[in-house]
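See below for the structure under consideration.
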Amino acid sequence: SQTIHQWPATLVQPVGSPLSLECTVEGTSNPNLYWYRQAAGRGLQLLFYSVGIGQISSEVPQNLSASRPQDRQFILSSKKLLLSDSGFYLCAWSRASGRTGELFFGEGSRLTVL
Amino acid sequence: AQKITQTQPGMFVQEKEAVTLDCTYDTSDPSYGLFWYKQPSSGEMIFLIYQGSYDQQNATEGRYSLNFQKARKSANLVISASQLGDSAMYFCAMRATRTTDKLIFGTGTRLQVFP
């Protein structure tokens, strides 16, 4: 069966510090991968998606970046965090050839920037 | 541009009763998919139900059913026989292009089930 795991689960960082959130998927190959952000009490905003190694599409201009160094690994990074980067970050995957395009989500990473 | 609208920030329902969570969408793409996800307080997103734009019948999954009215561009979620464990945030989402699986989410509805 397929699993998705992201870490760390909780992170408190000062403004201006770097960020690295990691996500890995097991049990499938060549998945589509996504990073979403959920601000407090709001819906999900798509940040990045990837259809293959090294292929990253950015949905929203910001000081965050994403990388996909391996087929089932997706990393969200920042060189200098802003207060507005606080939120709940969700990694997700979908089957590249899936009929419905259903997303499977990780447990989420809660980031607080102080 | 594609858009998902959930106009109910919060809903209350008594245990064992049915509840409808509203969702309207906007897209010019003739082929699209509609999804509902549940987010309990733990934060994980749980897939509930899917409706394709060309599906002839309304989707059902156990106690969940999707009231799909294409002409009105609405895709309301109906939960029958509510349980205390149904208390959570519920998000409607849409995939509106053929070439990608990107989902656009609504702002969510917080459902609270009381005894």
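The values are calculated or read from the model by the stated rules, or taken from the named source; none is laboratory data. Everything numeric in this text was worked out from a predicted model, so none of it was measured. Neighbour counts run over all protein chains shown; Cβ positions are idealised from the backbone, glycine included. The area values use the complete protein model at the heavy-atom level, side chains included, leaving out ligands, DNA and RNA. Shrake-Rupley method; radii C 1.70, N 1.55, O 1.52, S 1.80 Å.
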| request: Let me know the charge dipole size of chain B about its Cα centre in debye, to the nearest 20, where only the beta-carbon of Lys, Arg (+1) and Asp, Glu (-1) is charged. | output: 240
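Ignore the peptide's own chain and count Cβ atoms of other chains within 10 Å of each Cβ in A:43-50; give me the average, rounded.
4
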| query | What's the average, rounded to a whole number, of partner chain beta-carbon atoms within 10 Å of each residue's beta-carbon in A:100-113? | reply | 5
| note | Distance in Å, no decimals, from the C-alpha centre of the stretch A:1-18 to the one of the stretch B:1-76 is 29
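Whenever you get a sec, compute what percent of the accessible area on the protein assembly as shown sits on carbon and sulfur atoms (1.4 Å probe). Provide the component values of the computation, followed by the final result.
Values: 5530 of 11010 Å².
For the protein assembly as shown, the apolar C and S fraction of the accessible surface comes to 50 percent.
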| task | Can you run the Rg to Rh ratio on chain B? Use alpha carbon positions and the Kirkwood inverse-distance Rh. | result | 0.96
| query | Where both residues lie in the stretch A:7-114, what percent of DSSP beta bridges are antiparallel, nearest 5? | reply | 90
| said: If packing is taken as the average number of other Cβ atoms within 10 Å across a peptide's residues, how do B:13-22, A:67-76 rank, most packed first? | reply: A:67-76, B:13-22
| In Å², what does the accessible area per residue of chain A work out to with a 1.4 Å probe? | 47
| field | Principal axis dimensions, largest first and in whole angstrom, of chain A by Cα | value | 41, 28, 22
| query | Under a 5 Å amide H to amide H cut-off, with H placed in plane at 1.01 Å, what residues pair with residue B:76 once short-range neighbours are removed? | reply | B:23, B:67, B:69
